[in-house]
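Working notes, structure below.
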Amino acid sequence: MLLALTMKNSMIKPRCNITNILLFTLVLFVPLNLLQHTPPRCDKFVDDLSMLLPHKKDITSIIGSTLHNAWALIPNPTNKTDFQRILLANLIPSSKPSVTEDVVMITHTSVGSRLNNLLIQIRWWNGPVAVAVYIKSKQEIDKFLEFIPNLLVTQSTQIHVVLERTKQPYPHNIMRNLAMDHLQSDYFVALDADFVTNPNAHDSLLKLIQTSENVRQRLHSKHLFVLPAFEKFAAENQTSPTEDMLPRTKEELIQMHENRALDSFHKVGGALAHKPTDFVKWGDYKWKTVRTNTTGNFFDIKYRGTFEPYVLGYRHGIPRYWPAFRGFGYNKMSLFMELDHEGYAFCTLLDYYVVHINHAVSRGNSKAMIEMNRPHYKEFKKYLEAKDKKIKKVNGSAW
């Protein structure tokens, strides 16, 4: 069981104002040693911190006060492997009410240059978004506050924030779980920072779910639909491609691939993570082909052990990402391992894709990160083995 301590019960006694009262009621500390040995669930807590914000005149000022006061409450870590964090769910709510039968893009980002790519993500998706933002210093709080006016104009975007004092790498799965745990719509598309869908993917995916009985039935019966992942290379003398360089149609994308301006994601150094997508088969369905009943909107693919795609899914029953992984190695892959163990199947969508806006990679010492995550991977494998035994016992037979 995951134990969490509410701030109002802690020994810290900050000044009593409206921001702190909200924080006392709604914010939780989660110790490192507890997260490392728990099932893959994100931290649970009351999540309506921002319920009063839409009624205030200066939202940015109130958010700034909330974040800085929360930061002051976080103790310093005791050693290099320790962390102390506060999770602020729904810090900035969507100004549009959630609809049950809808598709939400869930994503996450750190503070810095990627915030600009977040805006591109939101524009191209053109629908409801849930994003978790990671902040690990007072300076980053100020950078985030400068960026807030850009987010406030995206009326369908819900913002969660993780404040953390630590020297540890980025907690990918904590961020993903925070966004996933607070979804209210039935369907989601799960992306990482810097990935952009084809334009208006939200509207066309929602229409696909509403009009295709086959797609809807599969989503409701343990199927995930893969959006093939590509990476767009920067032009000469550029560190990252600009928005106008991204493909707007499948036809443009295939042409860019033929011109070697784009390729499947991580083809060099990490091809196995996306190889089951079957890019060749996806590309062979030409955009001018007249679809028949045998062609449809997707084709079936088989899971392989290191597969970690970007997917459209039905949120009910989906397990959470294993929370202990940090930095490079195992983090996203672990969820799809668990989904495979639970009997999920995969299909590749024919008319959709995501493109990574390539940038200078900063993984630190990736080998050291993998070694750091290896004990967590062993714990995760034990968890899967125990889960498999329960499933076999319920089913009365081995898989």
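Odds and ends about this structure:
- Restricting S156, S98, S110 to residues that are of a type outside the set (K, R), in contact with a Pro (Cβ under 6 Å, 6 or more places away or on another chain) and in contact (Cβ under 8 Å) with a residue 12 or more places away in the chain narrows the list to S156.
- For the criterion of being part of a loop (DSSP other than H, G, I, E, B), surrounded by 17 or more Cβ atoms within 10 Å (Cβ to Cβ) and of a type outside the set (S, T, N, Q), Y321 passes.
- Among residues of segment 331-355, those that are modelled with pLDDT under 95 and buried (at least 23 other Cβ atoms within 10 Å of the Cβ), counted: 2
- Evaluating L183 against the criteria (1) within 26 Å of S221 (Cα to Cα); (2) open to solvent by less than 10 Å² (accessible area, probe 1.4 Å); (3) aliphatic (A, V, I, L, M); (4) not in a strand (DSSP E or B) leaves one unmet condition, (2).
- Subset tally (residues that are over 22 Å from F336 (Cα atoms) and touching a Pro at 6+ places or on another chain (Cβ under 6 Å)) for segment 195-235: 2
- For segment 99-113, a residue qualifies if it is closer than 30 Å to T249 by Cβ and either out of contact with any His (no Cβ under 8 Å at 6 or more places or on another chain) or at pLDDT 95 or above (or both), and the qualifying residues are V99, E101, D102, V103, V104, M105, I106, T107, H108, T109.
- All conditions in (1) surrounded by 13 or more Cβ atoms within 10 Å (Cβ to Cβ); (2) modelled with pLDDT under 90 hold for A360, with the sole exception of (1).
- Among residues of segment 93-115 being of a type in the set (V, I, T) and more than 17 Å from the chain's Cα centre (by Cα), the one that is surrounded by the most Cβ atoms within 10 Å (Cβ to Cβ) is V99.
- Answer residue from segment 124-141, given it is open to solvent by 70 Å² or more (accessible area, probe 1.4 Å) and not basic (K, R) and is nearest to D244 (Cα to Cα) among those: N126
The values are calculated or read from the model by the stated rules, or taken from the named source; none is laboratory data. Since we're looking at a predicted model, the values are computed, not measured. So basically every Cβ, Gly included, is an ideal-geometry build from the backbone, and we count neighbours across all protein chains shown. The area values use the complete protein model at the heavy-atom level, side chains included, leaving out ligands, DNA and RNA. Shrake-Rupley method; radii C 1.70, N 1.55, O 1.52, S 1.80 Å.
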